[in-house]
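Structure first, commentary second.
The values are calculated or read from the model by the stated rules, or taken from the named source; none is laboratory data. Note that the structure is predicted; figures quoted are calculated from it, not measured. Glycine gets a Cβ as well: all are built from the backbone with ideal geometry, and neighbour counts include every protein chain shown. Side chains are part of the model used for accessible areas, which takes the heavy atoms of the whole protein and leaves out ligands, DNA and RNA. Shrake-Rupley method; radii C 1.70, N 1.55, O 1.52, S 1.80 Å.
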Amino acid sequence: YHPALFTDRNFYGVIKVYDAKLPSKKESEDTALSARFMRHGTTMHGFQILDKKLETAPTSYYTSDGPLGGIFSALRPKSVAVAGLGTGTVNCAVPRGADVTFFEIDPAVVEMAQEKFTFLSKCNSRSPRLVTGDARLEIAKITDKKFDLILLDAFSSDMVPTHLLTKEAMELSRQRLSSRGVIVFHISNRY
């Protein structure tokens, strides 16, 4: 059991943030790295290593040698839209200097990412833009900007955001892409 540093329960579910040691087969408990974890419901949705030398290292799904790291390396997007904020890890994974806009439907997630994690404040040379609201509706309001990459990362353990997968939502996202832009789905889900 780990005492919670942050807990919130609302229409979107339960968020819990806690500190714990990273599991490792190579290190003893005394030398294991400390990390801060975010759980949404029963699923861990991100973590940050607390060691000052490693606190800006992208973790979980977003490491430089993972799938998203490969996409960022190949595309080198200058403008990125992300549906789903989580801990804000993506801000450390994007190419340095990229313009990042996060869309997050749950205000508690925005509060948690800003107050309990430093991915938003210490990564990238530009501060990300945070938009609280439904990504599909909010991206529709942005008519003066095109994105090189739109990352749909709003899937959770037990909910598939079908409104982001409709033909209409895909057409809207396509309209917001630059001429070289792509849409990427992160669909980790129990269903």
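Descriptive notes on the structure:
- Qualifying residue in the range 92-103 (condition: within 24 Å of Glu168 (Cα to Cα), of a type in the set (Val, Ile, Thr) and over 12 Å from the mean Cα position of the chain (by Cα)): no
- Hits in the range 60-82 (condition: at pLDDT 90 or above, of a type in the set (Ser, Thr, Tyr) and outside any helix (DSSP H, G or I)): Ser79
- Here Arg96 meets the list (1) open to solvent by 60 Å² or more (accessible area, probe 1.4 Å); (2) more than 21 Å from Gly46 (Cα to Cα); (3) part of a loop (DSSP other than H, G, I, E, B); (4) not hydrophobic (A, V, I, L, M, F, W, C) almost entirely, failing just condition (2).
- Residue within the range 133-141 that is modelled with pLDDT of 90 or more and outside any helix (DSSP H, G or I) present: yes
- The C-beta contact set for the range 89-116 (first residue at pLDDT below 95, second residue of a type in the set (Asp, Glu) and buried (at least 24 other Cβ atoms within 10 Å of the Cβ), distance under 6 angstrom, 6+ apart or interchain) is empty.
- Exactly one residue out of Leu149, Leu164, Leu130, Leu137 is in contact (Cβ under 8 Å) with a residue 24 or more places away in the chain and either open to solvent by 20 Å² or more (accessible area, probe 1.4 Å) or under 30 Å from Asp51 (Cα atoms) (or both): that is Leu130.
- Phe147 vs. criteria aromatic (Phe, Trp, Tyr) and over 16 Å from Ala81 (Cα atoms): no
- Positions within the range 167-191 being closer than 19 Å to His45 by Cα, surrounded by fewer than 16 Cβ atoms within 10 Å (Cβ to Cβ) and modelled with pLDDT of 80 or more, in sequence order: Phe185
- Candidates Ser73, Ser24, filtered to the one that is open to solvent by less than 70 Å² (accessible area, probe 1.4 Å), hydroxyl-bearing (Ser, Thr, Tyr) and out of contact with any helix residue (DSSP H, G or I) (no Cβ under 8 Å at 6 or more places or on another chain): Ser24
- Test for Thr42: is it in contact (Cβ under 8 Å) with a residue 24 or more places away in the chain, open to solvent by 30 Å² or more (accessible area, probe 1.4 Å) and out of contact with any strand residue (DSSP E or B) (no Cβ under 8 Å at 6 or more places or on another chain): yes
- Residues satisfying the stated conditions in the range 99-127, i.e. surrounded by fewer than 22 Cβ atoms within 10 Å (Cβ to Cβ), out of contact with any helix residue (DSSP H, G or I) (no Cβ under 8 Å at 6 or more places or on another chain) and not in a helix (DSSP H, G or I): Asp99, Thr101, Asp106, Thr118, Ser125, Arg126
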